[in-house]
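Have a look at the structure below before the remarks.
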Amino acid sequence: RDSINAEYGGFDTVEMEKNSGSEPTIGRSKSMVRQRKKLPRKPNTGKTVQTKQKRSFYFSLLFNSSPLFASLILVFLGLLSSFFNTITDCDETFNYWEPTHYLIYGFGLQTWEYSPVYAIRSYAYLLPEALVGHVMGYFTSDKVVIFYTIRALLGIIGGLSLGYFYSGVLYRFGSGVASLTLLFLTFSTGSFISITAFVPSTFSMYCIALSLGAWMRDSFGWAIIWLALSTLIGWPFAVLVGVAFGFHVLYKKGISFVLLFGVLSLILFLLPSAVIDFYYYHKLVIACWNIVTYNVFNSEGGPELYGVDPWYFYVLNLFLNFN
């Protein structure tokens, strides 16, 4: 009987019945309910608790990341990009590194964009990087070291600007959306390539990230200022990004608020850049306006000069950013 109990999992009762002319059969309990043995639960060992704590820690890092922690991740991304990212655009070399070399050392190649005939690039964008290179020149004469120092500075600024954008997403939409934003920003090929590219569109990316972050945190004045900096010093076509939240600011604050910060931005950014460009071009130059007129209103060249892509180019490029 004991052996039968062990084999069949332990019935309440095991009855041996004799049927006439038949072998003994195993009968179930009167309730006809088979019950399994309840094995004792294993106590939680220290290893199990430690594993659960590790999972909880990683989960909290992913879904409850503070703006500071996210900024550190994105700054680390920028530093990786500064040392391992290649120069993917000839404009970066000839339109920005060469003029910066000229500002630091007094000689360098000049492209037609920096010719006084066209003057569609502003020297105001180059001066901060040239200043860093000039200061580094007191410590080292190795141009490679100066090159990577400027690039590392771009990576740090880019990481901090994207970190502020993350904080705006966290403030407005919560940790779930913010965690996905951090995930996409960190592992996007587009982020890695663009965060240290020495071109005005990257500078506009910094400013637009700061502008959108300020907008999501209801700092409307700063949102206008950062958008104006992107437009007047960086890439003027990026102003289209601010159209949507511009209407929102108009609705929330009124036209007088927008005009006040718009005029303040002109004084802070447009006036100094005009003075800087007058010094280098020897004439009054509004570079952000010149590039718009050349690319939009110019019948001889304009946007068709190097070919036109179909409208779905932007869709394909968006997918390529996550390739």
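For the range 64-74, state whether one or more residues are on the phi > 0 side of the Ramachandran plot and surrounded by 13 or more Cβ atoms within 10 Å (Cβ to Cβ).
no
What do you reckon, is Gly163 in contact with a Leu (Cβ under 9 Å, 6 or more places away or on another chain), farther than 30 Å from Leu284 by Cα and in contact (Cβ under 8 Å) with a residue 12 or more places away in the chain?
Spelling it out, Gly163 is indeed in contact with a Leu (Cβ under 9 Å, 6 or more places away or on another chain), farther than 30 Å from Leu284 by Cα and in contact (Cβ under 8 Å) with a residue 12 or more places away in the chain.
Given Tyr58, Tyr102, which one is open to solvent by 70 Å² or more (accessible area, probe 1.4 Å) and either modelled with pLDDT of 90 or more or assigned to a loop (DSSP other than H, G, I, E, B) (or both)?
The unique qualifying residue is Tyr102.
Could you tell me whether Tyr123 is surrounded by fewer than 14 Cβ atoms within 10 Å (Cβ to Cβ) and either at pLDDT below 95 or under 25 Å from Leu284 (Cβ atoms) (or both)?
no
Just checking, which of Val239, Val243 is under 24 Å from Asn290 (Cβ atoms), out of contact with any helix residue (DSSP H, G or I) (no Cβ under 9 Å at 6 or more places or on another chain), assigned to a helix (DSSP H, G or I) and not aromatic (Phe, Trp, Tyr)?
Exactly one residue qualifies, and that residue is Val243.
Of the residues Asn317, Asn295, which is under 16 Å from Ile120 (Cα atoms) and at pLDDT below 90?
Of Asn317, Asn295, the one residue that is under 16 Å from Ile120 (Cα atoms) and at pLDDT below 90 is Asn295.
Do we find that Gly213 is farther than 24 Å from Thr149 by Cα and without any contact (Cβ under 8 Å) to a residue 12 or more places away in the chain in this structure?
No.
From the list Val239, Val263, Val275, pick out the single residue that is of a type in the set (Val, Ile, Thr) and closer than 20 Å to Gly168 by Cβ.
Val239
Just checking, which of Leu264, Leu250, Leu259, Leu271 is in a helix (DSSP H, G or I) and either within 26 Å of Leu160 (Cα to Cα) or in contact (Cβ under 8 Å) with a residue 24 or more places away in the chain (or both)?
Result of the check over Leu264, Leu250, Leu259, Leu271: Leu264.
Do we find a residue being within 17 Å of Ser201 (Cα to Cα) and open to solvent by 60 Å² or more (accessible area, probe 1.4 Å) anywhere in the range 226-234?
Looking for residues that are within 17 Å of Ser201 (Cα to Cα) and open to solvent by 60 Å² or more (accessible area, probe 1.4 Å), one finds at least one in the range 226-234, hence yes.
The values are calculated or read from the model by the stated rules, or taken from the named source; none is laboratory data. Just so you know, these numbers come straight off a predicted model, no measurement behind them. Reconstructed Cβ throughout: ideal geometry from the backbone, glycine too, with neighbour counts over all protein chains shown. For accessibility, only protein heavy atoms count, side chains too; no ligands or nucleic acids. Shrake-Rupley method; radii C 1.70, N 1.55, O 1.52, S 1.80 Å.
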